[in-house]
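Please read the structure below before turning to the comments.
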Amino acid sequence: MKKPLLAATALSSLLSACVAASNEPLRAGSNTPNQSNIATNRDEVSARPIEKSMNTLNITKLEVSRAAQATLQLENSSKAPIRIWKNSNSWGAACWRVFLIRNGTLEVFFQNPDQEFTRNGPAFDEIPGGGHLDQKLDLNGGNWCGLGHCSIHSERGFGGKKFNFEPNDTVIVIYDVPVTQEAYDNHVWYGVIAASAEIK
């Protein structure tokens, strides 16, 4: 019983440390807040345009099949366009995660970060205000990691065996885009959004 208690204590300490960190916004190119840049009037503090858009991208219409495929829409709920990385470059190729909860056990799948690109550049798609972009994820389609194996582009399944979802599985799809200098420079969306579905 001591190990769970110690783990809970460690987690509590970690969360406390995060809460204790400065609440002042960090700026691009700086790891710590610059006290001279902190506005005295909170009404004068305005978020960068890209930061304002972080809460306007959502995953909608998620449908998951037993063949371990997911179809969804990335929906822009704002009136302004939002840019997202294309999947065909290193900035956008490994941003999707799929969490599977089956009989109380968690299995994690993620796009293979070790991909090769014949031509690599920070290209993006643009979702118009009020619009959406269709996305399809296929865990058996290659370039996915899970079950202790990472498949390459031409490989189907994991270790030569296709994976299937089962009834009563809970599937959580996560779009996780880290902030980079290229995202700042190209005004591309970054953040984390998620949606879940249950296999019938």
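Values in this text are rule-based calculations from the coordinates and carry no lab data. Remember, predicted model here, so these are calculated numbers, not experimental data. With ideal geometry, Cβ positions are generated from the backbone for all residues, glycine too; neighbour counts draw on all protein chains shown.
Details
- A viscosity of 1.002 mPa s and a temperature of 20 °C, combined with the Kirkwood radius over Cα pairs in Stokes-Einstein, give a translational diffusion coefficient for the range 47-198 of 133 µm²/s.
- Applying the criteria of a DSSP loop state and at most 15 other Cβ atoms within 10 Å to the chymotrypsin sites (Phe, Trp or Tyr not before Pro) of the range 52-133 yields PHE117.
- Each Lys or Arg adds one and each Asp or Glu subtracts one; over the other residues with Cβ under 12 Å from the Cβ of GLU63, this totals +2.
- Sorting 160-168, 73-81 by their mean Cβ neighbour count within 10 Å, with the most densely packed peptide first, gives 73-81, 160-168.
- Theoretical FRET efficiency, 1/(1+(r/R0)^6), r = Cβ-Cβ of VAL179 and ASP134, R0 25 Å, to 0.05: 0.50
- Ordered by the number of other Cβ atoms lying within 10 Å of each residue's own Cβ, fewest first, VAL171, VAL179, VAL64, VAL108 fall into the sequence VAL108, VAL179, VAL171, VAL64.
- Stretched out straight at 0.36 nm per residue, the stretch from ARG156 to GLU126 would grow longer than its current Cα-Cα span by 7.8 nm.
- Taking other Cβ atoms within 10 Å as a rough exposure proxy, ARG83, ARG119 sort from fewest to most as ARG119, ARG83.
- Amide H contacts of ALA68 (H built 1.01 Å from N, under 5 Å, at least 5 apart or other chain): PHE165
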